[in-house]
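Student: Take a look at the following structure, please.
Rule-based calculations on the coordinates, nothing more; no lab input. Fair warning: this is a prediction, and the values are worked out from it, not measured in the lab. Quick reminder, even Gly has a Cβ in these numbers, built from the backbone with ideal geometry, and neighbours come from all protein chains shown.
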Amino acid sequence: MVALFVILTVIAFIAIDALVQRAEAREQRRAQPTALTSRERRGSVLALEGVSVPQGMFFDVGHTWVDLDSSGRVRVGVDDFAQRAIGRIDAVEMPEVGRPVRRGETLFVVRQGERTAAFVAPVDGVVAAVNERLARHADAIKIDPYEQGWVCVLRPRNLAQHLRRLAVAGEATTWMNKEIERFRQLIAAHPFKAMARGQVLQDGGRLTDGVLEMMDDETWSRFTREFLHPDEWARA
């Protein structure tokens, strides 16, 4: 009887020790960083307001990004700042495959209700493919603007020439911060669409996601004109 008691006691201690080790292992896993997203693996940094700026991508003044492919093609999409400013995206009008496009020409259009925001091509090229997923899930741009939310693929022309006009790495982050500050000034200078200031600016003056949804049509038009179609196109 005593021997049986000793055996059961040993078994109980072993079981308790196993449970403790399992719990410690779970805590260690929780303490470790989670798997990096594809955007983080690119070396993404955050500009003001938490806007993501992947360091391996090129950024254009019209708020599109360019991702070079080993095949020589480039993917193009809407940057994180623009999708945050616009807010809800109801539809994306994509270019036709095979269509030639020049830098500064309208490449695709984002729709929000009756409003539209046209984005221009950052480089010369021919449309090689479009993201068919956006026809069914336009919100993919908001969920993951740099991966699942890409808009089209171009076979570029004069790429080396145009890349010099784009920002990358630290230069892109510096430029993005200036754009965010410029956007804050735009919002501060225009009336809100039946919204109180507190609903547009969070504590500390941080802009809310989708702030343009709360603004009047004049502010929307000025945003598309000054941020998506800047004067630099006249000099391109």
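Student: Take L212, L186, L68 and order them by how many other Cβ atoms sit within 10 Å, fewest up front. Could you put the intermediate results ahead of the total?
Tutor: On the way: L212 25, L186 18, L68 15.
Neighbour counts put them in this order, fewest first: L68, L186, L212.
Student: Do any trypsin sites (Lys or Arg not before Pro) in segment 155-184 lie in a loop, going by DSSP, with at most 13 other beta-carbon atoms within 10 Å of their beta carbon, and if so which? Before the final figure, lay out each step's value.
Tutor: Values: sites: R157, R164, R165, K178, R182, R184; in loops: R164, R165.
Within segment 155-184, the qualifying trypsin sites (Lys or Arg not before Pro) (loop, at most 13 other Cβ atoms within 10 Å) are R164.
Student: Follow-up question, since we're still on this one. Around V45, which amide H atoms from residues at least 5 apart in sequence, or from another chain, sit under 5 Å from its own amide H, with H modelled in the peptide plane?
Tutor: Those qualifying (amide H under 5 Å, at least 5 residues apart or on another chain) are V53, Q55.
Student: Rounded if a/c is under 1.5, else prolate if a/b is larger than b/c, else oblate: which is segment 105-190, with a ≥ b ≥ c the root eigenvalues of its Cα gyration tensor?
Tutor: The shape class here is oblate.
Student: Continuing with the same structure: Indicate the gyration tensor shape class of segment 56-231 (rounded, prolate or oblate), computed on the Cα atoms with a ≥ b ≥ c the square roots of the eigenvalues: a/c under 1.5 is rounded; otherwise a/b larger than b/c is prolate and the rest oblate.
Tutor: prolate
Student: Obtain the nm distance between the two label points defined at E105 and D217 by a simple spin-label model: each point lies 7 Å from its Cα along the Cα-to-C-beta direction.
Tutor: Once both label points are built, they end up 2.9 nm from each other.
Student: Taking the dipole about the Cα centre of segment 56-231, with the C-beta of Lys and Arg at +1 and of Asp and Glu at -1, give me whichever of A118, S70, T224 is farthest to the positive side.
Tutor: S70
Student: For E132 and E181, what does the FRET efficiency come to when R0 = 30 Å and r is the distance between their Cβ atoms, rounded to the nearest 0.05?
Tutor: Details: r = 37 Å, r/R0 = 1.22.
Plugging the Cβ-Cβ distance into 1/(1 + (r/R0)^6) gives 0.25.
Student: Another question, if that's okay. For segment 56-231, build the charge dipole from Cβ charges (+1 Lys, Arg; -1 Asp, Glu) around the Cα centre, then report which of H162, A140, G56 sits farthest towards its positive end.
Tutor: With unit charges placed on the Cβ atoms, the residue in question is H162.
Student: Follow-up question, since we're still on this one. Averaging over all projection directions, find the projected area of the Cα convex hull of segment 78-142 and quote it in nm² with one decimal place.
Tutor: It is 4.3 nm².
Student: Which length gain, in nm to one decimal place, applies between S70 and R164 when the Cα-Cα distance is subtracted from 0.36 nm times their residue separation?
Tutor: Values: separation 94, 0.36 × 94 = 33.84 nm, distance 1.88 nm.
Once the chain is fully extended between S70 and R164, it gains 32.0 nm.
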